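Everything on this sheet refers to the single structure shown next.
Coordinate-derived values only; no laboratory data. Because the structure is predicted, anything quoted here is derived from the model rather than measured. Here the Cβ positions follow ideal geometry from the backbone for every residue, glycine too, while neighbour counts run over all protein chains shown.
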Amino acid sequence: MIQLGEMRVHLINDCTIKVDPGGAFGLVPRALWGPLLPPDENHLVPMVQVNLLVQSGGKNIVIDTGYGHKLAEKQKAHMAFTRPNGDLVEALGRCGVRPEDVHLVIDTHLHGDHASGNTRYAEDGQTLMPTFPNAEYVVQRREYEDAMHPDERTRATYFPINYEPLLKSGQMRLLEGDLEIAPGIYGHVTPGHTPGHMSVRLESGGQHLMFVCDLASYAIHFERLGWMTGYDVEPLRTLESKRRWQAWALSTDALLVFPHDSQRPIGRYRMNAVGKAMVEAVNEPFV
């Protein structure tokens, strides 16, 4: 657990999957990324699925909801999907938080690996229910509009069952640009991965933390401006978003949380002994 001023932040891994490195590293040659994250015998690399529980001002706030429980077994097998420590809801339970105790859910964006856990099936296996029945859900309006009108590239990751019922029921609120979502919790549009992608900044007691989400899926993506995933729909905007937040991270010594990095899910962007900025890993275990 991270104590950030008056906030408590818990690092949760909803699951681990394996992906083709062409997705994880895009145009970066294997000769460069291979020594840093060697692929397995099937030429795949791991991705964890990081979510956060933030406890502040008597509120329980969840940032991203992972894959949930609506995947078919064929999909799980294709991704080498595993949950050795249980899912998001089980991890929340280890923190003493039940689904009905969650006050706010912040969706950084609506890709399936970040938002499928927003909803679940009722016992009949057909009726969709909010996973967190008493929570308000928030996401950027631009992200929601893109998710409701996917194209040939994005329709494999945008699924209305993960968010449309919440908007129709009035449980989801659409945000307009950068703003303070809750006291000390700020949403910042960081376009590139998607046009409406949002990173979440926490500030309390003069301390700073940012869930960068897919602005930098791995820590190495944050370190190196030209490195980004093959999933980014606007890679040159990703580069400029990272340039801005690199400068901020250096000036604040903020903790940075990366959503898919199995080796350095959390760290600080600092100058090393030879004057090169790198992400220095912070040893913070998952719940």
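Between G86, T229, T119, the Cα set farthest toward the positive side of the dipole of the stretch 2-281 (charges on each charged residue's Cβ, about the Cα centre) is that of T229. Beta bridges assigned by DSSP with both partners in the stretch 54-149 are antiparallel in approximately 45 percent of cases. Rounded, prolate or oblate: pick one for the stretch 117-227, where a ≥ b ≥ c are the square roots of the eigenvalues of its C-alpha gyration tensor, a/c under 1.5 means rounded, and failing that, prolate if a/b is larger than b/c, else oblate. Judged from the Cα gyration tensor, the stretch 117-227 comes out oblate (a/c at least 1.5, b/c at or above a/b).
Rounded to the nearest 500, the 222 nm mean residue ellipticity of the chain from helices alone is -5500 deg cm²/dmol, with -39,500 (n - 2.57) taken per DSSP H run of at least 4 residues. Rounded to the nearest 20, the size of the Cβ-charge dipole of the chain about its Cα centre is 500 debye, with Lys and Arg at +1 and Asp and Glu at -1. What the Cα atoms of the stretch 169-260 give is an Rg and a Dmax of 13.3, 42 Å.
For the stretch 1-76, the list of GluC sites (Glu not before Pro) that fall in a loop by DSSP and count at most 12 other C-beta atoms within 10 angstrom reads E41. Our summary gives the chain a relative contact order of 19 percent, counting only alpha carbon pairs under 8 angstrom and 6 or more residues apart.
Bridge orientation summary for the chain: considering DSSP beta bridges with both residues in this region, about 75 percent are antiparallel.
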